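Worksheet for the structure shown next.
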Amino acid sequence: MLIKSFDKSLLGANMYFMWSKDSYIIVDPCCEPDLVREFTEENNLDYSALKAIFVTHGHFDHISTVDSWKSEFPNVPVYIDDEDIECFENPALNGSFMFGYSLSCVTTGVPLSSINYEYVMDDEVTISMINTPGHSKGSVCYMFTNPEDKKNYMFTGDMLFSGSVGRTDLPGGDTWEMRKSIEELKKIQEDYVVLPGHGPASTLMREKQINPYF
């Protein structure tokens, strides 16, 4: 398995590339496809092997290039939680108006409820999803285990960062919901490598120990 982050995006949002066996997924389409094309060519991977795109939440800096990706891969599904699905087309809901943009995407998202919040990437990797509202109504964390190093990984979007959590004053934000989502993560007994929507990686155990919001 190979996981690569890209941050040449609006507001420095992280986009993730995850390769497993003979295909890959993208988490948070906020960087141009050409970056991934170059990366796959450099690493002798198949750029055309994109299987799915996942969105952690619908704010504009995390979906800014989704139309570019759909133009390259029109048959690849873009999964997003039902609560944030309207963010693609609505600049007021995706928060772009607040930052001087007006982002409206033509891409139609596929609701995560349609796959029952679980996705089989291949015969070794299954991605499960948990609702973690607070930063937005439809914020989700994507969780899986890397069969090679036996470690657990979690794409947390803007719900959880290294040493912090997401703000709640953007569209769909709710401080009380964020507190409840933090409590849900605190209940998880296993450790996870945390891959956030901005900034460096961390671990769930470390966040439980040092994050002031925990």
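The values are calculated or read from the model by the stated rules, or taken from the named source; none is laboratory data. Owing to the predicted nature of the structure, the values given are computational and were not obtained by experimental measurement. Heads up, the Cβs are rebuilt from the backbone with ideal geometry, glycines too, and the neighbour counts pull from every protein chain shown. Please note that ligands, DNA and RNA were not included when accessible areas were found on the heavy atoms of the full protein model with its side chains. Shrake-Rupley method; radii C 1.70, N 1.55, O 1.52, S 1.80 Å.
Could you go through region 125-132 and let me know if any residue there is touching a helix residue (DSSP H, G or I) at 6+ places or on another chain (Cβ under 6 Å) and β-branched (V, I, T).
Looking through region 125-132, at least one residue is touching a helix residue (DSSP H, G or I) at 6+ places or on another chain (Cβ under 6 Å) and β-branched (V, I, T).
State whether the residues of region 109-122 include one that is among the β-branched types (V, I, T) and open to solvent by 40 Å² or more (accessible area, probe 1.4 Å).
As a first pass, look at region 109-122 and keep what is among the β-branched types (V, I, T): 110, 115, 120.
Next, only the ones that are open to solvent by 40 Å² or more (accessible area, probe 1.4 Å) stay: 110, 120.
Within region 109-122, one or more residues are among the β-branched types (V, I, T) and open to solvent by 40 Å² or more (accessible area, probe 1.4 Å).
Can you name the condition, by its number, that T156 falls short on among (1) in contact with a Cys (Cβ under 6 Å, 6 or more places away or on another chain); (2) farther than 19 Å from M15 by Cα?
It fails just one condition, (2).
If I filter region 155-201 down to residues being part of a loop (DSSP other than H, G, I, E, B) and among the β-branched types (V, I, T), which single residue comes out as farthest from the chain's Cα centre (by Cα)?
I188
With respect to S136, is the statement that it is within 13 Å of the chain's Cα centre (by Cα) and assigned to a loop (DSSP other than H, G, I, E, B) true?
For S136, the condition - within 13 Å of the chain's Cα centre (by Cα) and assigned to a loop (DSSP other than H, G, I, E, B) - is met.
Where in region 1-78 are there strands (runs of 3 or more DSSP E), lying wholly inside it, with at least 2 residues that are open to solvent by less than 10 Å² (accessible area, probe 1.4 Å)?
Once the strands (runs of 3 or more DSSP E) in region 1-78 are filtered for at least 2 residues that are open to solvent by less than 10 Å² (accessible area, probe 1.4 Å), what remains is 15-20, 23-27, 50-54.
Pairs only if they're at least six apart or on different chains, beta carbon under 8 angstrom, first in region 163-176 and within 16 Å of F214 (Cβ to Cβ) and open to solvent by less than 30 Å² (accessible area, probe 1.4 Å), second of a type in the set (A, V, I, L, M, F, W, C) and in a loop (DSSP other than H, G, I, E, B); list them, first residue then second.
Matching pairs, first to second residue: V165/M159; G166/M159.
Pull up region 80-104, narrow it to residues that are at pLDDT 95 or above and in a loop (DSSP other than H, G, I, E, B), then point me to the one that is nearest to the chain's Cα centre (by Cα).
D81
Pull out all pairs, ordered by first then second residue, where Cβ-Cβ is under 7 Å, the residues are six or more apart or on different chains, the first lies in region 95-107 and is in contact (Cβ under 8 Å) with a residue 12 or more places away in the chain, and the second is open to solvent by 70 Å² or more (accessible area, probe 1.4 Å) and of a type in the set (D, E).
Within 7 Å, the pairs are S104/E89; C105/E89.
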